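Scroll down for the structure; my scribbles are underneath it.
The values are calculated or read from the model by the stated rules, or taken from the named source; none is laboratory data. Everything numeric here is computed off the predicted structure, so don't read it as measured data. Because the Cβ atoms are built from the backbone with ideal geometry, glycine has one as well, and the counts that use them run over all protein chains shown. Accessible surface areas use protein heavy atoms only, side chains included; no ligands, DNA or RNA. Shrake-Rupley method; radii C 1.70, N 1.55, O 1.52, S 1.80 Å.
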Amino acid sequence: MTRTSRARVARRIAAGAAYGGGGIGLAGAAGVGLLLAEVRLARRRVGNGRSPNVPNADGLYGAVYTVPGLPALRLTMLGDSTAAGQGVHRAGQTPGALLASGVAAVAERPVGLSTVAAPGACSDDLDRQVTRALADPSRVPDICVIMIGANDVTHRVPPARSVRHLSAAVRRLRTAGAEVVVGTCPDLGTIEPVQQPLRWLARRTSRQLAAAQTIGAVEQGGRTVSLGDLLGPEFAANPRELFGPDSYHPSAEGYATAAMAVLPTVCAVLGLWPAQDERPDAARREGFLPVARAAAEAASEAGTEVTAALPRGPRGPWALLKRRKRRRVWEPEAGARSAPAEEPTESGESGESGEPTESGEPQAKASA
């Protein structure tokens, strides 16, 4: 599918979400029997993501930066197992911990992490998660990161319905005063056990949903980062390194790659980047595009950011497409996190760490 076609389909899905229609189905009728058989086989081979062991990474990161009278920044993770960090064994390897420690280092300010993401969640669970995130009006998050969409594809949720729930979640969070960054649906065509023709269909439908999610989130005031072929060509080229033991969820290196893609946008939305970095760079193929076209471009290239831009064009809203340089992240050092006493991690660990290598990449690996 060309980017022009993907932009057109994404626009139709987003319109269906906005006006209550069913949108476009992610799969046609032809070959459904074969595809369903392959889905069942793939689920058996990847373990179906059923492991309940998700490290509890909630707590305070960057306490060394504490200044009396200056409150910590509040980061909340929403979404599915990818946002929660399922597939790794230490709290410090989860995307929430990596982002919290990364933001703390850039801002030189403590960051309190709260996770309401739920393994197995589809987009219709976001309403419940947002309610939890906003339960205390005096503690509205400064920044919310949402990673959602993979389960919507595997459960064949109509894409317009998925986008409708995501748009509503972004709207509620923005209305409450929180900034929002959405990591859009990853490319499920990179999952190693998935065979053709399901692999082709998974890639096509994942990218269609990611583009439509971008339109929905940006139109509600959020920013998006494409997770693409699960965070760049690294996943397709090196699946055994970047997928965890179940061959479905990311490993420690995979989550670190995700955090590298999302961290620059999180820092930008919090005003932690120099103003000149917010201008489009023609050398990096950045610029202003109609939002549907920007969404299609982003869906094809992992790590691409899309944010709303003014003024509105004659054919609808425009967006700024940016290809930010990724920031290296690594697991927080031992003792870097102050976890709430009433919420111990499920693994009983408290932030053991792998030290960064000379290249700055994390050493720690998820063990089988």
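Considered as a group, the residues in region 246-295 that are hydrophobic (A, V, I, L, M, F, W, C) and not in a helix (DSSP H, G or I) include one that is modelled with the highest pLDDT, and that residue is L270.
Only residues that are modelled with pLDDT of 90 or more and surrounded by 23 or more Cβ atoms within 10 Å (Cβ to Cβ) were counted across region 174-192, and they come to 6. A202 satisfies every condition listed in (1) modelled with pLDDT under 85; (2) in contact with a Cys (Cβ under 9 Å, 6 or more places away or on another chain); (3) crowded, with 20+ Cβ neighbours inside 10 Å except (2). Sub-7 Å Cβ pairs linking a first residue in region 155-166 that is among the basic types (K, R) to a second residue that is part of a loop (DSSP other than H, G, I, E, B) and open to solvent by less than 30 Å² (accessible area, probe 1.4 Å), at least 6 apart or interchain, are R156/L26, ordered by first then second residue. Candidates A72, A30, A84: the one that is modelled with pLDDT under 55 and either exposed (fewer than 12 other Cβ atoms within 10 Å of the Cβ) or within 30 Å of P110 (Cβ to Cβ) (or both) is A30.
For region 98-148: of the residues being among the hydroxyl-bearing types (S, T, Y) and more than 23 Å from S251 (Cβ to Cβ), which is surrounded by the most Cβ atoms within 10 Å (Cβ to Cβ)? My answer is S123.
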